[in-house]
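Undergrad: Attaching a single structure in structure tokens format; questions to follow.
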């Protein structure tokens, strides 16, 4: 790649990265603005971080979101890993196409439709069996596990697809039971993919608005729901402060993960 | 060996309890929380709206002589076609998704190309940079644009200050805002499959084309672009499908007058409390959007597999 074409390509890349990062940068910059008007700069201040940290509604919602995301990510990792294993290793069983469709359909289903369908079922179940009593942490967690499982399944399936089966075969030849092989050989080998899938599920759950809107009750308002209802009324510097905190956490976590991975690669190399 | 798994592993595959558990647990969960809800929705789409909690009439009733009577209401479905609101919202959703897909392709292709052709050391870093915004909250990324696009927002202030414009642009609460923010939010879904295809591409074909005297643009048009079709198709589907059902972005930055199909469903459900009509619209979206796309992808995969089988 030489000459002006290479430069044009670099310019496109830089412009694209600017497009991706400029909005995020403005959020962080304006979170330190003293003015209550989000877009008029009056001076540097951490006032809005203080407001945020003394906002009981936000704090309660944040705690609830983390609790739900921990539960949902763990549940989805169990179900999705089993499903991903079944999808990549069991080539023939009765109802396989139904199983595949059901496991992967949440990936393409508009959230609003999954949300309505779940709400209608919960209402119907309450009418028929008296359970669940209204909607709350339980229903929202079940809903999150459902759509996160699809993402976990696809991650695990693609990891297993490019995976050397000779180790599993060797264990079987040496007389190990299939369940033992799964626990002692397969699981450790796909552990990095499982961790990645758990992280993906956690971030999907803690970020979800639409499905949560339908499956949450008055006692289980999550952080994205609070943010959504507030920003419908317009921009506010307190939300900027929250956004900046989220961005710092993501930035920190990705940097740490990258460093850990780089170090591990270096030690394996040495 | 037809399946490509060694026969020893077939022992796991033919195992009893463990295998049943591995398939059964996910199947049970998804059946209960994914399939069953859709069957319930389908049932409600054929019932009638009543004033009550929940606002749905029964479709199976007991008659006086003790027989069960099945009453199917199709008026919810006739609304869908007689009231232009639904069709207009559906067509607008398709159009918006199409614009979003084209914008993502125009922005994403040069970026993916540049990353795929950069040196190996840069490639991982650039890929990280592209994915990172995707890990921050979707809602927050949309919110960032609200501060930029609104009438006294950052973009207008900047342009006024630069004397490019003399009146603030009215972008917020128009379809333009929806297109911009959707292209922004969906860009990674386009970029990653494009990158994966471009990175794997055999560069000797490009060289051959140039050696034979094709100009760079001709080479791009006749060699690179056709070779990257799988990435373009995959990326476009990943953008188009969720974009049709997008709810948050049109709600936050679009105009209430330009409702997309998801907002129509939401309003029927929460504002009008018309659950049967909302269910009918939801079912119709699945019928008219998802099933054709899934069939298309499935047929394509099958024909690809046949072609591969014929070639080997």
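The numbers here are math on the coordinates, done by the rules we state, and not lab data. It should be emphasised that the depicted structure is a prediction, and the values quoted were computed from it without experimental measurement. For neighbour counting, all protein chains shown are included, and Cβ atoms are generated from backbone atoms with ideal geometry for every residue, glycine included.
Undergrad: Just check the protein assembly as shown against the gyration tensor rule for me: Cα atoms, a ≥ b ≥ c as the square roots of the eigenvalues, rounded for a/c under 1.5, and otherwise prolate or oblate depending on whether a/b exceeds b/c.
TA: Judged from the Cα gyration tensor, the protein assembly as shown comes out rounded (a/c under 1.5).
Undergrad: Note down the relative contact order for chain A as a percent, whole number, built from C-alpha pairs under 8 angstrom at least six residues apart.
TA: 31 percent
Undergrad: Which residue, B:118, B:255, B:228, has the most motion in a Gaussian network model of chain B that connects Cα atoms within less than 10 Å?
TA: Fluctuation is largest for B:118.
Undergrad: What does the structure give for B:262-269 when I average, per residue, the other chain Cβ atoms found within 10 Å of the residue Cβ?
TA: The mean count of partner-chain Cβ atoms within 10 Å per residue comes to 3.
Undergrad: Using only DSSP helix segments of four residues or longer, with each worth -39500 (n - 2.57), what per-residue ellipticity at 222 nm results for chain B after dividing by its residue count and rounding to 500?
TA: Taken over chain B, the calculation gives -20500 deg cm²/dmol.
Undergrad: Also, quick follow-up: Out of B:124, B:21, B:154, any idea which swings most in a Gaussian network model of chain B, alpha carbons joined below 10 Å?
TA: B:21
Undergrad: Between B:92, B:141, B:215, find the one with the highest GNM mean-square fluctuation for chain B; connect C-alpha pairs within less than 10 Å.
TA: Checking each option, the largest mean-square fluctuation is seen for B:215.
Undergrad: Mind giving me the FRET efficiency for residue A:59 and residue A:22? R0 is 41 Å, r the Cβ-Cβ distance, nearest 0.05 is fine.
TA: Given R0 = 41 Å and the Cβ-Cβ separation, E is 0.85.
Undergrad: Next question, about the same structure. Among rounded, prolate and oblate, which fits segment B:159-282 when a ≥ b ≥ c are the square roots of the eigenvalues of its C-alpha gyration tensor, a/c under 1.5 means rounded, and a/b larger than b/c means prolate?
TA: Oblate shape, in that a/c is at least 1.5 and b/c is the bigger or equal ratio.
Undergrad: Just tell me how shielded A:216-229 is by partners: mean number of partner chain Cβ atoms within 10 Å of each residue's Cβ, no decimals.
TA: Across A:216-229, the average partner-chain Cβ count within 10 Å equals 1.
Undergrad: How large is the Rg to Rh ratio of segment A:174-270 when both quantities use alpha carbon positions and Rh follows Kirkwood?
TA: Answer for segment A:174-270: 1.17.
Undergrad: Please report, in whole Å³, the volume per residue of the convex hull around the C-alpha atoms of segment A:56-269.
TA: Enclosed volume per residue, from the Cα hull, is 160 Å³.
Undergrad: Further, regarding this structure: Once the Cβ-Cβ distance between residue A:41 and residue A:67 is put in as r, and R0 is 30 Å, what FRET efficiency do you end up with, to the nearest 0.05?
TA: 0.20
Undergrad: I need the shape label for chain B. Rule: rounded when a/c is under 1.5, else prolate if a/b > b/c, else oblate, with a, b, c from the alpha carbon gyration tensor.
TA: oblate
Undergrad: Moving to a separate point now. Once you average over the residues of B:126-137, how many Cβ atoms of partner chains fall within 10 Å of each Cβ?
TA: 6
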